[in-house]
Amino acid sequence: MSSPEIASLSWGQMKVKGCPTTYKDCKVWPGGSRTWDWRETGTNHSPGVQPADLEEVVKKGVRTMVIGRGMSEALQVPPSTVDYLKKNGIDVLVLQTEKAVAEYNTLAAQGVKVGGVFHSTC
């Protein structure tokens, strides 16, 4: 099962190929995607992305995780979150969201089992 391409990204809107939903923030993994609702884990820009935000995607068997920090990189990613991924044997890329989407799409096109969480505003 391959990771779906992110078809478009603009401020506050993301589209995943094959999915009718327009996302503000989203999670993607081989074979699927869904809204990333920060309220589920109490996530805020600071301290930022928590391991709990990533668990669902990790459980899908990804080998690489791409984290999009927002258009202006306002979303923080604490070292503990990066450590969580590395301890699970997952490569991690933390990038500005436009760069993160480009990198994610490149990896997906190469057949890498890649997942990601992307913030499409600040």
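The values are calculated or read from the model by the stated rules, or taken from the named source; none is laboratory data. Quantities reported herein were computed from a predicted structural model and do not represent experimental measurements. Every residue, glycine among them, receives a Cβ derived from its backbone with ideal geometry; neighbour counts consider all protein chains shown. Surface areas here come from the heavy atoms of the whole protein model, side chains and all, with no ligands, DNA or RNA. Shrake-Rupley method; radii C 1.70, N 1.55, O 1.52, S 1.80 Å.
Label region 1-70 by shape, choosing from rounded, prolate and oblate, from the square roots a ≥ b ≥ c of the eigenvalues of the Cα gyration tensor; if a/c is under 1.5 it is rounded, and otherwise prolate applies when a/b is larger than b/c, oblate when it is not.
Because a/c hits 1.5 or more and a/b fails to exceed b/c, region 1-70 counts as oblate.
How far apart, in nm, are the 7 Å Cα→Cβ label points at residue 91 and residue 110?
Placing both labels 7 Å beyond Cα along the Cβ direction yields 0.5 nm.
In Å², and per residue, what accessible area does region 6-118 have when probed at 1.4 Å with the other protein chains present?
Numbers: 5440 Å² over 113 residues.
Accessible surface, normalised per residue, equals 48 Å².
Antiparallel DSSP bridges in the chain: what percent, to the nearest 5?
60 percent
Across 10 Å bins from 0, what is the distribution of all Cα-Cα pair distances for the chain, in whole percents?
Histogram of Cα-Cα distances, whole percents per bin: 15, 53, 31, 1.
What is the percent carbon and sulfur in the accessible area of region 6-118, measuring with a 1.4 Å probe over the protein chains and ignoring ligands?
Using a 1.4 Å probe with all protein chains present, region 6-118 comes out at 49 percent carbon and sulfur.
Relative contact order of the chain, please, whole-number percent, based on alpha carbon pairs below 8 angstrom and at least 6 residues apart. Please report the intermediate quantities before stating the final value.
Working: 274 pairs, mean separation 40.0, N = 122.
Result for the chain is 33 percent.
Using the alpha-carbon centroid of each, what span in Å lies between region 1-17 and region 22-92?
Using only Cα atoms to place each centre, the spacing works out to 15 Å.
Of 98, 56, 40, which is the most mobile in a GNM of the chain whose springs link Cα atoms less than 10 angstrom apart?
In this elastic network of the chain, the residue with the biggest mean-square fluctuation among 98, 56, 40 is 40.
Show me the helices of the chain, taken as full DSSP H stretches, that run 15 Å or more along their long axis by Cα and average -0.5 or above in Kyte-Doolittle hydropathy.
Qualifying helices: 97-109.
When the gyration tensor of region 56-109 is built from Cα positions, what are the square roots of 5 times its three eigenvalues, in whole Å, from largest to smallest?
One finds semi-axes of 18, 15, 8 Å for region 56-109.
How far, in nm, would the chain grow between residue 59 and residue 121 when pulled straight, counting 0.36 nm per residue and subtracting the alpha carbon separation?
Difference between extended and current length: 19.7 nm.
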